[in-house]
Amino acid sequence: MIDRALEKEFPENEQNGESDSGSFNNSVADQQAVLETVARVKPKKNETKDKEKSFQLHDVFNLDNENRAEDTPTLIDRLDNVFIISNTKSKYPVLQLDLRLISDLVLVIVSATCGGIAFACAGQPVITGYLLAGSVIGPGGLSFVSEMVQVETVAQFGVIFLLFALGLEFSAAKLRVVRAVAVLGGLLQIFLFMCLCGIIASLCGGKPSEGVFVGVLLSMSSTAVVLKFLMEKNSINALHGQVTVGTLILQDCAVGLLFALLPVLGGTSGLLQGVASMTKSLVVLLSFLAILSILSRTCVPWFLKLMISLSSQSHELYQLAAVAFCLLVAWCSDKLGLSLELGSFAAGVMISTTDLAQHTLEQVEPIRNFFAALFLASIGMLIHVHFLWNHVDILLASVILVIIVKTIVITAVVKGFRYNNKTSLLVGMSLAQIGEFAFVLLSRASNLHLVEGKLYLLLLGTTALSLVTTPLLFKLIPAVVHLGVLLRWFSPDISQNEIGYKGEILRADSAKRIALMVQSSHDS
């Protein structure tokens, strides 16, 4: 009976490939694929050479040797893309392990832990330890991790959970005070950088489109790194923290629009087509947020209460449900052409409107911390140590220029919305780096031939170095504030959590006067 059941389930003459429209032969016949020559990689096995070869530390982490349990066949195409062969239509399901991914993850996690411990013992921010640990083991360092695409894909969960946690702590009442500077000021900042860099490129004999792209690149700040520092400093609820968070949210919302702008700058699409693409992205964004707003008032509270009742004995199910909800909303956002980051933040905001926001944050926080460390280490792996060392002079000059220009422009924009000097400068210094989205924008611009090779390497190195120097910049903030108080730029009696917006101060003063008038009338 078992044999007959197996024969019925797996007939010997079954041909899955012929009936599948996506199979090899049908794809070629329908001209849905292009044939090209590829090379199949086979590791060399020479016992005499292996015996004479001296021991190297790198060999411990190299899986392409005879001690490997099973060699995974790989292909390389003419563009030097490496593919691991895996047949998903095999007759019998076989458990397949990617030993390279396991090895790389072990290396990244262990090195990030060691780097964090070393910097914590030295009294320095652990984020710097994560970044430098990644740079040491990455392709630009000791090359223990040579292929970064898999590690970076897993590490992307760090950004997702960071923004999910930020959404859980989201307070509409607090951000409502800074919505003008966050939305209008954030857009004005992006526009100013685009115009400034476009004009400079034209005066220097370069392409204005290339200058505008550099302006777009410079206007982006690192959401993950800045949020990590604001959380460590307990500055999320401070006035400058609220303005910073609001500006970062605006930048994440604008990423989709900026991606639609790149083909226009690269000359692959016309101006009207680019405007239509940006308008479509804006309509999709507003529709997506409207649907999530309706769901947050109807389905989400019921779902969370159900999960609480089902996980009364153990919080495991509630934790899993919260993570699944975050990933589902982020996935839907990505499928609509928006960013994963925007979707994960929106998922957190949806839960923040319920009574279970704090409980959800406590459940997700350990997962967030782990993946955030993994993400920062993967960002460090993009840093090419040899390139930085060989061009340290021009890269340091460009990073210092970026920090100074971004601080001045952002401080001026915030000051233009009638915030005090201290808040304006703190926001400017907090956003004075180039964000991790710059790596994605650079890759897309390079494919569109929008930037040349040398400029690409310069921008890549400047972005990576600006992320490394961000912890140092946050370390300098207390000293700058103290110096500002000594020079009487800042008022010494203004605390971090005090709202410096003049309209709020006037309203508070008027409320006090009304209260005193009411009290005096009662006394009389």
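For first residues located in the stretch 127-154 and without any contact (Cβ under 8 Å) to a residue 40 or more places away in the chain, partners that are of a type in the set (Val, Ile, Thr) and surrounded by fewer than 20 Cβ atoms within 10 Å (Cβ to Cβ) and lie 6+ apart or on another chain with Cβ distances below 8 Å form the pairs GLY129/ILE117.
Scanning the stretch 413-445 for residues that are modelled with pLDDT under 75 and assigned to a helix (DSSP H, G or I), we see that the one that is surrounded by the most Cβ atoms within 10 Å (Cβ to Cβ) is PHE437.
Residues considered: LEU230, LEU218. Of these, the only one that is in contact with a Lys or Arg (Cβ under 8 Å, 6 or more places away or on another chain) and surrounded by 22 or more Cβ atoms within 10 Å (Cβ to Cβ) is LEU218.
Scanning the stretch 339-373 for residues that are without any contact (Cβ under 8 Å) to a residue 60 or more places away in the chain and among the acidic types (Asp, Glu), we see that the one that is least open to solvent (accessible area, probe 1.4 Å) is GLU362.
Can SER398 be described as surrounded by fewer than 23 Cβ atoms within 10 Å (Cβ to Cβ), in a helix (DSSP H, G or I), under 20 Å from the mean Cα position of the chain (by Cα) and of a type in the set (S, T, N, Q)? Give the steps one after another, and end with the answer.
Numbers: surrounded by fewer than 23 Cβ atoms within 10 Å (Cβ to Cβ): yes; in a helix (DSSP H, G or I): yes; under 20 Å from the mean Cα position of the chain (by Cα): no; of a type in the set (S, T, N, Q): yes.
So SER398 fails the test.
Residue by residue through the stretch 322-338, note down the ones that are open to solvent by less than 20 Å² (accessible area, probe 1.4 Å), in contact (Cβ under 8 Å) with a residue 60 or more places away in the chain and of a type in the set (Gly, Ala, Ser). Answer for the stretch 322-338, where residues must be open to solvent by less than 20 Å² (accessible area, probe 1.4 Å), in contact (Cβ under 8 Å) with a residue 60 or more places away in the chain and of a type in the set (Gly, Ala, Ser): just ALA330.
The condition of being more than 22 Å from ALA357 (Cβ to Cβ) and outside any helix (DSSP H, G or I) holds for only one of SER221, SER281, SER209, SER277, that being SER221. Scanning the stretch 185-203 for residues that are touching a residue at least 12 places away in the same chain (Cβ under 8 Å) and either of a type in the set (A, V, I, L, M) or touching a Phe, Trp or Tyr at 6+ places or on another chain (Cβ under 7 Å) (or both) yields GLY185, LEU187, LEU188, ILE190, LEU192, MET194, LEU196, ILE199, ALA201.
Is it the case that LEU338 is closer than 22 Å to VAL183 by Cβ and assigned to a loop (DSSP other than H, G, I, E, B)? Criteria met by LEU338. For the stretch 81-175, which helices (runs of 4 or more DSSP H) that fit wholly inside it have 1 or more residues that are modelled with pLDDT under 80 and of a type in the set (D, E, K, R)? The helices (runs of 4 or more DSSP H) meeting that bar are 99-121, 149-168.
Looking across the stretch 298-321, the residues that are in contact (Cβ under 8 Å) with a residue 24 or more places away in the chain and either within 26 Å of LEU286 (Cβ to Cβ) or in contact with a strand residue (DSSP E or B) (Cβ under 9 Å, 6 or more places away or on another chain) (or both) come down to VAL300, PRO301, LEU304.
The values are calculated or read from the model by the stated rules, or taken from the named source; none is laboratory data. None of these values were measured; they are calculated from a predicted model. Backbone-built Cβ (ideal geometry, glycine too); neighbour counts: all protein chains shown. The accessibility values were calculated without ligands, DNA or RNA, using every heavy atom of the protein model including side chains. Shrake-Rupley method; radii C 1.70, N 1.55, O 1.52, S 1.80 Å.
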